[in-house]
Amino acid sequence: MIERELRARPDIAVSGVLPRAAAVFIALTTLVLLIACANVASLMLARVSGRRTELAVRTALGASRARIIQQLLTESVVIAVCGGVVGTLLALGAAHWFSSIKFSTNEPIELGVSLDWRVLAMTAGAVLLASILSGAGPSLRSSDPQLSDALRAGARGTGGITRQRFRAGLVTAQIAVSFVLLVAAGLFLRSVQHARLLDLGFRQDHAFMASTDVTLARYDSTRGKAFYRSLLARAADLPGVRGAALASTIPLGTSHNDGDVYTDVPTLAAERGHTHVEEVSVTPGYFDVMGIGLLQGRDFTTHDDTLSSVVIVNAAMAARLWPGADAIGQRMRLRADGPEVTVVGVARTVMSMFLGERPRPILYVPFARRYRAQMALQLATTGDPGQLAAPVRALVASLDPNLPPFAMKTMREHLDGGIAFTPIRLAATLATAIGLLGLIQALIGLYGVVAYSVAQRGHEIGIRMAIGATSGAILRGVLREGMILTGAGLTIGFILSLGVTGVLRSLLIGVSARDPMTFGALALVLAIVTLAACWIPAARAASVPPAGAMRG
């Protein structure tokens, strides 16, 4: 039971990746929350400006500043609570979606995502924080006694230069933060593209696999070896198969066999005479079937199976144990007191556990020497590998109807649905959703600021049109105001992104955290969509007749 529980744990290498990934997405979500708070604060400022007469009357009737602040904060809390309730309902759907994600692996992997009291408590805290952040500023500014005096005077205009600048600053911050979110999403999407083109060190197309475990039929090692010999020989004769081999593990799978190797001469990598490596049992022809090139030496043969005294190492293991020396002919032991084995080949280093991982030392041993009850049949095909599922199932049934094959899939299916590509795709999906949400909120904020500015300047616009200003001039003037905010936001966002994206460096695959294509393309996209957001209120202002604008 203990051994099974330990084998169910992810490899120790994940301990550094998962916390960083979780921290990144928590930070991205927090940025979206801040954009939402800025939006609500901006809208509340506009709403309070429209209620200036009411607030002035309340103050004149004796309402204290604390009472005004309490009223406005209460309104902010109500908005935040409603948003928290809606967000919790959406989170329930998102949790169900996460839990429904299935990995194409031999071992069942589930993402157990659920909402418990800790999540609800965090939601309540976020609601409280959002209400304070979005309501405190407008409440304090609107309860200022001097402002109340000005309002009682019946001043007409834009509600004050300071307030306009405050709202403009909020929108600029929204655009800057949304640019950071979009850059993060773009980098993850670029990582997905690069991952598909990444050289993994082994064949990705025209490859089929199927696993079997002879302990399911209570085979001992003698019967198991005989079964696998028959399976291998007959699988090689299947139509469309150009090569067949067996291996105890699959690259970028969830099952791995680790062990120690012992050398008589301690090295930097094996100070006490032994080092930890990944061990894979294979049959002759495995490297050709998998498309893993041999850099030096030779492949296993059936004669090696009889002698059982040779091994093949990958380039990473050769460089670790014998740096600067020829690995061919080097000797080691697979047990501290075991017989020596000789290195007869050096294979190319493949990605074994994760995309973008550091080169891992791998030791390949003949299947006859390292018998494993569970083996994966690897087939190199000449045509569509997906057509081999039925023939392989029938072949295994003909050898033993009580021994069902499992995990039958093409290599492409294994990669796309397994632990290799699913995490980076999931990260790209989440980052894109977060980035789009932030962009939509920033556009709403920008539209609101421009529309409010146009409404407040209606009298001015009417006068300008009455004395000869054209609709085009009014349109360009309003657009210029929005694009100045956009330019300022993009500049700040660009600077912030250069620093923030450095945190993503360890989570990206094949793309720089400061990828110029991503930065440039997203800056252009953001400029275009913000221009569209400004166009609607600008066009509306330019189309109003001078008399109507002056009355407004």
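Nothing in this text is a laboratory measurement; each read-out follows from the coordinates by a stated rule. Keep in mind that what you see is a predicted model, and the values were worked out from it rather than measured. In this analysis, Cβ positions are derived from the backbone assuming ideal geometry, glycine residues included, and neighbour counts consider all displayed protein chains.
General observations
- Counting charges near GLY383 (Lys, Arg +1; Asp, Glu -1) among other residues having Cβ under 15 Å from its Cβ returns a value of +1.
- This ranking places ASP260, ASP337, ASP304 by how few other beta-carbon atoms lie within 10 Å of each, fewest first, which gives ASP337, ASP260, ASP304.
- Neighbour-count ranking [beta-carbon atoms within 10 angstrom, fewest first] of ILE434, ILE312: ILE434, ILE312
- Ranked for footprinting exposure by Cβ neighbours inside 10 Å, fewest first, SER230, SER178, SER42, SER131 give SER230, SER131, SER42, SER178.
- Sequence-distant residues sharing a close amide H with LEU295 (under 5 Å, placed H): VAL346, ALA347, ARG348
- Estimated FRET transfer efficiency when R0 is 56 angstrom, pair ALA336-ALA389 (beta carbons, to 0.05): 0.80
- Shape category assigned to the stretch 271-351 from the gyration tensor of Cα positions, a/c cut at 1.5: oblate
- Between SER255 and LEU399, residue separation times 0.36 nm minus the direct Cα-Cα distance comes to 49.3 nm.
- Estimated at 0.36 nm per residue, the fully extended path between ARG223 and HIS303 surpasses their Cα-Cα distance by 26.8 nm.
- For the stretch 207-382, alpha-carbon Rg relative to the globular expectation (2.2 N^0.38 Å, N residues): 1.02
- Cα gyration tensor category, rounded, prolate or oblate, for the stretch 424-496 with a/c compared to 1.5: prolate
- Rounded to 0.05, the FRET efficiency of the LEU498 and ARG348 pair, given R0 = 45 Å and the Cβ-Cβ distance, is 0.80.
- Semi-axes of the equivalent ellipsoid of the stretch 189-252 are 32, 16, 8 Å, computed as sqrt(5λ) over the eigenvalues of the C-alpha gyration tensor in descending order.
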